[in-house]
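Working notes, structure below.
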Amino acid sequence: MGPVVGIDVAKGSSVVQAFLRRNEPYGKLESILHGESGFERLGEILAELRAETMLEPVVVLEATGHYHRGLAAYLERSEWIYYIVNPLQSKRAKGTQLRKVKTDAADAWHLANMYYRGDVAPHRTWEETFTELQHVTRQHEFVTGMFVQAKLNTRALLDQVFPAYEQIFRDLFSVTSLKVLAHCLTGKVENVSETIREGSGRSHSNRWIEEKAERLRETLPDWLNQPRSRSQTVALCGMITLLLAFSEQLSELENQINEIALNLPEVALVKSIPGIGDKLAAAIVAEIGDVKQFKDAKQLVAFAGIDPGIFSSGKFVATHSRITKRGSKRLRRALYLAVQCGIRGNTNSKIRDYYDKKRKEGKPYKVVVIACANKLLHHVYAILSKGQPFQT
(Lines give C-alpha, C1' and ligand atoms only; values in the text may rest on other atoms or scores of the structure.)
Protein backbone atom coordinates (compact mmCIF):
# COMPACT_ATOMS: atom_id res chain seq x y z
CA MET A 1 0.00 0.00 0.00
CA GLY A 2 1.01 3.61 -0.53
CA PRO A 3 2.21 6.32 1.85
CA VAL A 4 0.13 7.23 4.88
CA VAL A 5 0.22 10.07 7.40
CA GLY A 6 -1.17 9.31 10.86
CA ILE A 7 -2.30 12.38 12.82
CA ASP A 8 -3.13 12.39 16.52
CA VAL A 9 -5.36 15.45 16.96
CA ALA A 10 -5.43 17.53 20.14
CA LYS A 11 -6.56 21.01 21.11
CA GLY A 12 -4.64 23.60 19.15
CA SER A 13 -2.03 21.18 17.78
CA SER A 14 -1.55 17.71 16.32
CA VAL A 15 1.21 15.11 16.21
CA VAL A 16 2.08 13.93 12.69
CA GLN A 17 3.96 10.82 11.60
CA ALA A 18 4.44 9.94 7.93
CA PHE A 19 4.98 6.41 6.60
CA LEU A 20 6.32 5.19 3.25
CA ARG A 21 5.01 1.68 3.93
CA ARG A 22 3.74 -0.23 6.91
CA ASN A 23 6.12 0.15 9.88
CA GLU A 24 8.47 2.20 7.69
CA PRO A 25 8.31 5.80 8.96
CA TYR A 26 9.33 8.74 6.81
CA GLY A 27 11.08 11.48 8.72
CA LYS A 28 10.64 12.24 12.38
CA LEU A 29 7.56 12.75 14.48
CA GLU A 30 6.39 16.39 14.23
CA SER A 31 3.95 18.57 16.09
CA ILE A 32 2.01 21.11 14.03
CA LEU A 33 -0.16 23.98 15.25
CA HIS A 34 -3.74 24.35 14.08
CA GLY A 35 -3.11 27.49 12.12
CA GLU A 36 -1.93 28.65 8.73
CA SER A 37 1.74 27.85 9.38
CA GLY A 38 0.97 24.40 10.82
CA PHE A 39 -1.34 23.45 7.96
CA GLU A 40 1.26 24.63 5.43
CA ARG A 41 3.83 22.38 7.10
CA LEU A 42 1.42 19.44 6.82
CA GLY A 43 1.01 20.24 3.13
CA GLU A 44 4.80 20.21 2.71
CA ILE A 45 5.04 16.76 4.34
CA LEU A 46 2.33 15.39 2.06
CA ALA A 47 4.01 16.90 -1.01
CA GLU A 48 7.34 15.34 -0.01
CA LEU A 49 5.70 11.93 0.36
CA ARG A 50 4.08 12.24 -3.05
CA ALA A 51 7.39 13.22 -4.64
CA GLU A 52 9.23 10.38 -2.85
CA THR A 53 6.81 7.57 -3.74
CA MET A 54 5.06 8.95 -6.85
CA LEU A 55 1.82 7.93 -5.12
CA GLU A 56 -0.95 10.00 -3.59
CA PRO A 57 -0.55 9.99 0.23
CA VAL A 58 -3.48 9.27 2.53
CA VAL A 59 -4.14 11.06 5.82
CA VAL A 60 -5.77 9.21 8.73
CA LEU A 61 -7.01 11.09 11.81
CA GLU A 62 -9.38 10.41 14.66
CA ALA A 63 -12.57 12.38 15.28
CA THR A 64 -11.66 14.38 18.39
CA GLY A 65 -14.57 16.52 19.49
CA HIS A 66 -14.53 19.62 17.30
CA TYR A 67 -10.74 19.98 17.29
CA HIS A 68 -10.29 17.96 14.09
CA ARG A 69 -12.70 20.04 12.01
CA GLY A 70 -10.26 22.81 11.12
CA LEU A 71 -7.69 20.23 10.01
CA ALA A 72 -10.32 18.35 7.99
CA ALA A 73 -11.43 21.59 6.34
CA TYR A 74 -7.83 22.30 5.26
CA LEU A 75 -7.43 18.80 3.80
CA GLU A 76 -10.74 19.20 1.96
CA ARG A 77 -9.74 22.57 0.48
CA SER A 78 -6.34 21.24 -0.56
CA GLU A 79 -7.93 18.13 -2.09
CA TRP A 80 -5.83 15.66 -0.09
CA ILE A 81 -7.28 12.19 0.53
CA TYR A 82 -8.15 11.74 4.20
CA TYR A 83 -10.08 9.37 6.48
CA ILE A 84 -11.68 10.21 9.80
CA VAL A 85 -11.71 7.27 12.23
CA ASN A 86 -14.47 6.71 14.76
CA PRO A 87 -12.96 6.91 18.29
CA LEU A 88 -14.80 3.73 19.32
CA GLN A 89 -13.20 1.78 16.49
CA SER A 90 -9.80 3.21 17.30
CA LYS A 91 -10.10 2.32 20.98
CA ARG A 92 -11.27 -1.20 20.21
CA ALA A 93 -8.36 -1.75 17.82
CA LYS A 94 -5.88 -0.51 20.41
CA GLY A 95 -7.20 -3.10 22.85
CA THR A 96 -5.81 -5.89 20.66
CA GLN A 97 -2.25 -4.96 21.64
CA LEU A 98 -0.62 -6.69 24.61
CA ARG A 99 1.28 -3.66 25.86
CA LYS A 100 -0.63 -0.72 27.24
CA VAL A 101 0.95 2.37 25.68
CA LYS A 102 -0.82 5.72 25.37
CA THR A 103 1.26 8.51 23.86
CA ASP A 104 0.74 10.90 20.97
CA ALA A 105 3.44 9.13 18.97
CA ALA A 106 1.87 5.69 19.60
CA ASP A 107 -1.56 6.98 18.58
CA ALA A 108 -0.20 8.37 15.29
CA TRP A 109 1.46 5.00 14.53
CA HIS A 110 -1.72 3.18 15.50
CA LEU A 111 -3.92 5.21 13.13
CA ALA A 112 -1.58 4.52 10.23
CA ASN A 113 -1.55 0.79 11.03
CA MET A 114 -5.36 0.76 11.05
CA TYR A 115 -5.28 1.94 7.45
CA TYR A 116 -2.71 -0.65 6.41
CA ARG A 117 -4.80 -3.40 8.04
CA GLY A 118 -7.83 -2.28 6.08
CA ASP A 119 -9.80 -1.21 9.19
CA VAL A 120 -10.50 2.32 7.90
CA ALA A 121 -13.65 3.07 5.90
CA PRO A 122 -14.60 6.31 4.12
CA HIS A 123 -16.02 8.82 6.57
CA ARG A 124 -19.33 10.62 6.38
CA THR A 125 -19.23 13.78 4.31
CA TRP A 126 -21.35 16.82 5.06
CA GLU A 127 -22.71 19.56 2.88
CA GLU A 128 -22.26 23.05 4.30
CA THR A 129 -26.04 23.50 4.64
CA PHE A 130 -26.36 20.41 6.84
CA THR A 131 -23.45 21.60 8.98
CA GLU A 132 -25.02 25.03 9.37
CA LEU A 133 -28.37 23.52 10.33
CA GLN A 134 -26.66 21.24 12.86
CA HIS A 135 -24.88 24.17 14.53
CA VAL A 136 -28.11 26.20 14.81
CA THR A 137 -30.28 23.32 16.07
CA ARG A 138 -27.70 22.34 18.69
CA GLN A 139 -27.41 25.94 19.81
CA HIS A 140 -31.21 26.10 20.07
CA GLU A 141 -31.20 22.95 22.20
CA PHE A 142 -28.50 24.39 24.47
CA VAL A 143 -30.31 27.72 24.97
CA THR A 144 -33.60 25.89 25.54
CA GLY A 145 -32.00 23.89 28.35
CA MET A 146 -30.81 27.07 30.06
CA PHE A 147 -34.23 28.67 29.47
CA VAL A 148 -35.99 25.78 31.22
CA GLN A 149 -33.62 25.96 34.20
CA ALA A 150 -34.11 29.73 34.42
CA LYS A 151 -37.88 29.20 34.47
CA LEU A 152 -37.57 26.81 37.41
CA ASN A 153 -35.40 29.25 39.35
CA THR A 154 -37.79 32.12 38.55
CA ARG A 155 -40.81 30.20 39.76
CA ALA A 156 -39.05 29.39 43.04
CA LEU A 157 -38.31 33.08 43.59
CA LEU A 158 -41.82 34.13 42.54
CA ASP A 159 -43.37 31.79 45.12
CA GLN A 160 -41.47 33.75 47.77
CA VAL A 161 -41.85 37.29 46.43
CA PHE A 162 -45.23 37.48 44.65
CA PRO A 163 -47.11 34.12 44.82
CA ALA A 164 -50.49 35.63 43.85
CA TYR A 165 -49.14 36.69 40.45
CA GLU A 166 -49.39 33.13 39.12
CA GLN A 167 -53.21 33.49 38.99
CA ILE A 168 -53.15 36.40 36.55
CA PHE A 169 -51.63 34.97 33.37
CA ARG A 170 -52.18 31.49 32.02
CA ASP A 171 -48.69 31.51 30.49
CA LEU A 172 -46.58 32.80 33.35
CA PHE A 173 -43.42 33.01 31.23
CA SER A 174 -44.84 34.73 28.17
CA VAL A 175 -43.14 37.96 27.13
CA THR A 176 -46.22 39.96 28.18
CA SER A 177 -46.36 38.34 31.62
CA LEU A 178 -42.64 38.86 32.27
CA LYS A 179 -42.72 42.53 31.26
CA VAL A 180 -45.77 43.22 33.42
CA LEU A 181 -44.15 41.41 36.36
CA ALA A 182 -41.02 43.53 35.94
CA HIS A 183 -43.16 46.68 36.13
CA CYS A 184 -44.87 45.39 39.29
CA LEU A 185 -41.55 44.66 41.01
CA THR A 186 -40.24 48.15 40.24
CA GLY A 187 -43.50 49.76 41.40
CA LYS A 188 -44.38 51.28 37.99
CA VAL A 189 -48.07 50.31 37.98
CA GLU A 190 -49.93 53.62 38.18
CA ASN A 191 -51.92 52.78 35.05
CA VAL A 192 -52.38 49.00 35.09
CA SER A 193 -54.14 48.75 31.72
CA GLU A 194 -51.47 50.76 29.94
CA THR A 195 -48.74 48.67 31.59
CA ILE A 196 -50.28 45.46 30.24
CA ARG A 197 -50.83 47.04 26.81
CA GLU A 198 -47.17 48.07 26.60
CA GLY A 199 -46.02 44.65 27.77
CA SER A 200 -48.11 42.86 25.16
CA GLY A 201 -46.82 45.04 22.36
CA ARG A 202 -50.43 46.02 21.60
CA SER A 203 -51.03 42.57 20.11
CA HIS A 204 -54.02 41.64 22.32
CA SER A 205 -57.60 42.86 22.29
CA ASN A 206 -58.83 45.56 24.68
CA ARG A 207 -61.17 43.04 26.31
CA TRP A 208 -58.26 40.71 27.11
CA ILE A 209 -56.17 43.59 28.45
CA GLU A 210 -58.97 44.86 30.70
CA GLU A 211 -59.60 41.36 32.02
CA LYS A 212 -55.95 40.96 33.04
CA ALA A 213 -55.84 44.51 34.41
CA GLU A 214 -58.85 43.84 36.62
CA ARG A 215 -57.19 40.72 38.07
CA LEU A 216 -54.00 42.65 38.69
CA ARG A 217 -55.87 45.51 40.43
CA GLU A 218 -57.45 43.00 42.81
CA THR A 219 -54.07 41.45 43.64
CA LEU A 220 -51.70 44.43 43.83
CA PRO A 221 -53.00 46.29 46.93
CA ASP A 222 -52.55 43.36 49.32
CA TRP A 223 -49.16 42.52 47.86
CA LEU A 224 -47.85 46.10 48.02
CA ASN A 225 -48.68 46.28 51.73
CA GLN A 226 -46.75 43.12 52.53
CA PRO A 227 -43.07 43.26 53.58
CA ARG A 228 -40.70 41.91 50.91
CA SER A 229 -37.09 40.87 50.87
CA ARG A 230 -35.09 43.30 48.76
CA SER A 231 -32.47 40.70 47.84
CA GLN A 232 -35.11 38.27 46.55
CA THR A 233 -36.82 41.04 44.58
CA VAL A 234 -33.53 42.04 42.96
CA ALA A 235 -32.79 38.40 42.14
CA LEU A 236 -36.23 37.97 40.58
CA CYS A 237 -35.76 41.10 38.46
CA GLY A 238 -32.45 39.69 37.24
CA MET A 239 -34.08 36.37 36.31
CA ILE A 240 -36.82 38.19 34.38
CA THR A 241 -34.19 40.05 32.37
CA LEU A 242 -32.45 36.75 31.67
CA LEU A 243 -35.69 35.05 30.58
CA LEU A 244 -36.53 37.88 28.19
CA ALA A 245 -33.04 37.63 26.67
CA PHE A 246 -33.38 33.86 26.28
CA SER A 247 -36.82 34.26 24.70
CA GLU A 248 -35.47 36.77 22.18
CA GLN A 249 -32.45 34.59 21.38
CA LEU A 250 -34.63 31.50 20.86
CA SER A 251 -36.87 33.48 18.51
CA GLU A 252 -33.83 34.51 16.45
CA LEU A 253 -32.54 30.92 16.33
CA GLU A 254 -35.94 29.64 15.20
CA ASN A 255 -35.92 32.18 12.38
CA GLN A 256 -32.46 30.98 11.35
CA ILE A 257 -33.63 27.35 11.42
CA ASN A 258 -36.60 28.20 9.21
CA GLU A 259 -34.38 30.08 6.73
CA ILE A 260 -31.93 27.17 6.45
CA ALA A 261 -34.77 24.64 6.21
CA LEU A 262 -36.07 26.40 3.09
CA ASN A 263 -32.91 25.26 1.28
CA LEU A 264 -33.26 21.65 2.46
CA PRO A 265 -36.20 19.69 0.97
CA GLU A 266 -35.38 16.90 3.46
CA VAL A 267 -36.85 18.98 6.28
CA ALA A 268 -40.20 19.29 4.52
CA LEU A 269 -40.21 15.54 3.83
CA VAL A 270 -39.59 14.63 7.48
CA LYS A 271 -42.15 17.21 8.56
CA SER A 272 -44.77 15.36 6.50
CA ILE A 273 -44.75 12.61 9.16
CA PRO A 274 -47.60 13.26 11.63
CA GLY A 275 -46.35 14.39 15.02
CA ILE A 276 -43.13 15.95 13.72
CA GLY A 277 -43.06 19.75 13.61
CA ASP A 278 -40.58 22.32 12.38
CA LYS A 279 -38.04 22.00 15.20
CA LEU A 280 -38.04 18.21 15.39
CA ALA A 281 -37.81 17.86 11.61
CA ALA A 282 -34.85 20.24 11.50
CA ALA A 283 -33.12 18.44 14.39
CA ILE A 284 -33.58 15.01 12.76
CA VAL A 285 -32.31 16.15 9.36
CA ALA A 286 -29.39 18.03 10.93
CA GLU A 287 -28.17 14.91 12.73
CA ILE A 288 -28.72 12.50 9.83
CA GLY A 289 -27.30 14.70 7.08
CA ASP A 290 -27.33 13.12 3.63
CA VAL A 291 -29.24 9.85 3.94
CA LYS A 292 -27.36 8.42 0.92
CA GLN A 293 -24.41 7.86 3.23
CA PHE A 294 -26.31 4.94 4.77
CA LYS A 295 -26.65 1.74 2.75
CA ASP A 296 -29.88 0.72 4.46
CA ALA A 297 -32.19 1.62 7.32
CA LYS A 298 -30.30 -0.69 9.71
CA GLN A 299 -27.16 1.43 9.36
CA LEU A 300 -29.17 4.54 10.18
CA VAL A 301 -30.69 2.81 13.22
CA ALA A 302 -27.18 1.88 14.39
CA PHE A 303 -26.05 5.47 13.87
CA ALA A 304 -28.88 6.60 16.14
CA GLY A 305 -27.78 4.06 18.76
CA ILE A 306 -31.21 2.43 19.10
CA ASP A 307 -30.15 -0.95 17.77
CA PRO A 308 -30.16 -3.78 20.36
CA GLY A 309 -26.85 -4.96 21.75
CA ILE A 310 -26.17 -8.67 21.22
CA PHE A 311 -24.37 -10.83 23.80
CA SER A 312 -23.77 -14.56 23.52
CA SER A 313 -20.98 -16.86 24.64
CA GLY A 314 -20.90 -20.62 24.12
CA LYS A 315 -24.35 -21.96 24.87
CA PHE A 316 -25.40 -18.77 26.64
CA VAL A 317 -27.51 -16.27 24.75
CA ALA A 318 -28.75 -13.20 26.61
CA THR A 319 -32.54 -12.94 26.63
CA HIS A 320 -32.58 -9.30 27.70
CA SER A 321 -30.72 -6.75 25.63
CA ARG A 322 -30.38 -2.99 25.77
CA ILE A 323 -29.87 -0.50 23.01
CA THR A 324 -26.25 0.29 22.25
CA LYS A 325 -26.46 4.10 22.64
CA ARG A 326 -23.33 4.28 20.49
CA GLY A 327 -24.70 6.88 18.08
CA SER A 328 -26.06 10.41 18.10
CA LYS A 329 -27.79 11.13 21.41
CA ARG A 330 -29.45 14.20 19.87
CA LEU A 331 -31.01 12.06 17.14
CA ARG A 332 -32.24 9.59 19.78
CA ARG A 333 -33.78 12.42 21.77
CA ALA A 334 -35.51 13.87 18.69
CA LEU A 335 -36.92 10.45 17.77
CA TYR A 336 -38.13 9.87 21.34
CA LEU A 337 -39.98 13.20 21.30
CA ALA A 338 -41.40 12.46 17.84
CA VAL A 339 -42.80 9.13 19.08
CA GLN A 340 -44.32 10.84 22.13
CA CYS A 341 -46.03 13.38 19.87
CA GLY A 342 -47.15 10.66 17.45
CA ILE A 343 -48.83 8.37 19.99
CA ARG A 344 -50.46 11.26 21.89
CA GLY A 345 -53.98 11.69 20.60
CA ASN A 346 -53.38 9.13 17.82
CA THR A 347 -51.58 11.80 15.79
CA ASN A 348 -49.55 9.19 13.92
CA SER A 349 -51.91 6.24 13.46
CA LYS A 350 -49.22 3.83 12.22
CA ILE A 351 -46.95 4.43 15.21
CA ARG A 352 -49.93 4.43 17.59
CA ASP A 353 -51.18 1.06 16.27
CA TYR A 354 -47.68 -0.39 16.60
CA TYR A 355 -47.44 1.02 20.13
CA ASP A 356 -50.78 -0.52 21.16
CA LYS A 357 -49.79 -3.88 19.64
CA LYS A 358 -46.55 -4.06 21.61
CA ARG A 359 -48.21 -2.94 24.84
CA LYS A 360 -50.80 -5.70 24.49
CA GLU A 361 -47.91 -8.16 24.19
CA GLY A 362 -46.85 -7.09 27.69
CA LYS A 363 -43.81 -5.02 26.72
CA PRO A 364 -42.71 -2.28 29.18
CA TYR A 365 -43.42 1.32 28.21
CA LYS A 366 -39.85 2.39 27.49
CA VAL A 367 -39.14 -0.76 25.48
CA VAL A 368 -42.18 -0.05 23.33
CA VAL A 369 -41.26 3.61 22.81
CA ILE A 370 -37.76 2.63 21.63
CA ALA A 371 -39.31 0.04 19.29
CA CYS A 372 -41.56 2.78 17.93
CA ALA A 373 -38.53 5.06 17.48
CA ASN A 374 -36.85 2.28 15.52
CA LYS A 375 -39.90 1.93 13.27
CA LEU A 376 -40.20 5.71 12.88
CA LEU A 377 -36.57 5.92 11.79
CA HIS A 378 -37.30 3.31 9.11
CA HIS A 379 -40.09 5.61 7.88
CA VAL A 380 -37.69 8.55 7.85
CA TYR A 381 -35.13 6.58 5.88
CA ALA A 382 -37.77 5.49 3.35
CA ILE A 383 -39.14 8.95 2.62
CA LEU A 384 -35.67 10.54 2.42
CA SER A 385 -34.36 7.80 0.13
CA LYS A 386 -37.35 7.97 -2.20
CA GLY A 387 -37.80 11.74 -1.94
CA GLN A 388 -41.53 11.31 -1.34
CA PRO A 389 -43.62 12.62 1.58
CA PHE A 390 -45.10 10.35 4.21
CA GLN A 391 -48.35 8.64 3.25
CA THR A 392 -50.84 7.38 5.81
Accessible area per residue in Å² at 1.4 Å probe, computed on segment 241-385: 56 Å²
Positive-pole candidate from Leu236, Gly305, Ala73, dipole of the chain, charges at beta carbon: Gly305
Ranked packing of 8-14, 331-337, most packed first, by mean Cβ within 10 Å: 331-337, 8-14
Modelled FRET efficiency - R0 25 Å, Lys292 with Ile81, Cβ distances, 0.05 increments: 0.80
Between helix 206-224 and the chain: long-axis angle, C-alpha atoms, 0 to 90°, nearest 10: 80 degrees
Sequence-distant aspartates and glutamates (8 or more away, or on other chains) whose Cα lies within less than 13 Å of Lys298: Asp307
Angle between the chain longest axis and helix 349-360 axis [Cα atoms, degrees, rounded to 10]: 80 degrees
Stretchable slack from Ala164 to Glu254, in nm (0.36 nm times residue separation minus alpha-carbon distance): 29.1 nm
Too-long pairs where the Cα-Cα distance tops 18 Å, listed order kept, from Lys151/Lys179; Lys292/Lys325; Lys271/Lys386: Lys292/Lys325
Within the chain: Cβ-based charge dipole about Cα centre, in debye rounded to nearest 20 (Lys, Arg +1; Asp, Glu -1): 2140 debye
Amide N proximity, segment 148-181 versus Glu198 label position 7 Å along Cα-to-Cβ, cut-off under 11 Å: 180
With every protein chain in place, segment 249-295: carbon and sulfur % of accessible area (1.4 Å): 49 percent
Kirkwood Rh (inverse of mean 1/r, distinct Cα pairs), segment 201-249, angstrom: 13.4 Å
Lys91 versus Lys325: modelled label distance in nm, points set 7 Å from Cα along the beta carbon direction: 1.3 nm
FRET E, pair Trp208, Gln149, Förster distance 25 Å, beta-carbon r, rounded to 0.05: 0.25
0 to 90° range, to nearest 10: angle between helix 36-53 axis and the chain longest Cα axis: 30 degrees
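Determine the calculated [θ] at 222 nm for the chain from helices alone, applying -39500 (n - 2.57) to every DSSP H run no shorter than 4 residues and normalising by the residue count; nearest 500 deg cm²/dmol.
-19000 deg cm²/dmol
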Per-q log10 I(q)/I(0), the chain, q = 0.07, 0.08, 0.14 Å⁻¹ (Debye; single scatterer per alpha-carbon; no solvent): -0.52, -0.66, -1.19
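The values are calculated or read from the model by the stated rules, or taken from the named source; none is laboratory data. Predicted, not measured: the structure shown is a model, and the values here were computed from it. Every residue, glycine among them, receives a Cβ derived from its backbone with ideal geometry; neighbour counts consider all protein chains shown. Accessible surface is based on the protein model in full, side chains and every heavy atom, while ligands, DNA and RNA are left aside. Shrake-Rupley method; radii C 1.70, N 1.55, O 1.52, S 1.80 Å.
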